[in-house]
Amino acid sequence: MKLFLNTTSPYARIVRISFEEKIGNDVPGELVDPWADAPALLEVNTAARVPVLVTDEGVTLTESLLIVLWLERQRPGPSLIGESATRTIAEAGVAMGIIDAAVHTLIGRKITDAGFDEAPVGLRRRRSMVNGLLKLEQDAPEFETGTPDLAAITAVVALDYVRFRFPNAGWMPPLPRLDALQSRLSSRPSFERSVPRS
Ligand SMILES: N[C@@H](CCC(=O)N[C@@H](CS)C(=O)NCC(=O)O)C(=O)O
């Protein structure tokens, strides 16, 4: 089994954390730069994006949440779905909206580096980040002990990624409840090992 990843992708981080929480180890990884069109990555993903999981049978799986779905089927315990599947999936959806908006902003800067963030589409993406974070703050995913569920995992991945990509952003609202969740989870090996770094 092998995971194609880079050290900044929040999508790859969700998969890494999910694996480590389930099986107790980081999944073996191959670092690639998705923007460099590495032949090895193009061979396993026509979309040339990370993450990609190559299973022991040699099947390639793409899309972070589909990989987590596959993992959940392969290894039902401990579950990442938590006590209430509806709540977990609803909250994870909000976190994915934040992650997508942040990643799209970075991509927008690649397309037109002239002020993408302040352009109408850039401002929509910023609104998605702020409103998504505020929604999660209002009803923050819970974690006390045991295995964090997908809602808690994606919320912390989203928060860490926005802070990593937009340090000192004046538009970041105060997020005390999300910060408290982040500090409860950040020392777990799965979160610590995968913290975004350039
Ligand atoms: N929906 C995909 C998104 C994956 C994605 O966009 N990955 C980024 C890295 S954060 C990438 O590889 N981008 C390269 C590109 O868009 O060409 C998932 O959930 O896995």
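The values are calculated or read from the model by the stated rules, or taken from the named source; none is laboratory data. Predicted, not measured: the structure shown is a model, and the values here were computed from it. Counting neighbours? That spans all protein chains shown, and the Cβs are built from the backbone with ideal geometry, glycine included.
If you check residue 197 against the conditions, is it outside any helix (DSSP H, G or I) and among the charged types (D, E, K, R)? So residue 197 passes the test. Taking the criterion of being in contact with a strand residue (DSSP E or B) (Cβ under 9 Å, 6 or more places away or on another chain) and crowded, with 16+ Cβ neighbours inside 10 Å, the residues of the stretch 12-29 that qualify are 12, 13, 15, 16, 19, 27, 29. Taking (1) surrounded by 20 or more Cβ atoms within 10 Å (Cβ to Cβ); (2) of a type in the set (Asp, Glu); (3) more than 20 Å from residue 183 (Cβ to Cβ) in turn, residue 118 satisfies each apart from (1).
Has the stretch 103-113 got at least one residue that is in the same structural domain as residue 16 (by TED's automatic domain parsing), free of Cβ contacts under 8 Å to residues at least 24 places away in the same chain, exposed (fewer than 12 other Cβ atoms within 10 Å of the Cβ) and farther than 30 Å from residue 143 by Cα? First the steps, then the outcome.
Filtering the stretch 103-113 down to residues in the same structural domain as residue 16 (by TED's automatic domain parsing) leaves none.
No; the residues of the stretch 103-113 include none that is in the same structural domain as residue 16 (by TED's automatic domain parsing), free of Cβ contacts under 8 Å to residues at least 24 places away in the same chain, exposed (fewer than 12 other Cβ atoms within 10 Å of the Cβ) and farther than 30 Å from residue 143 by Cα.
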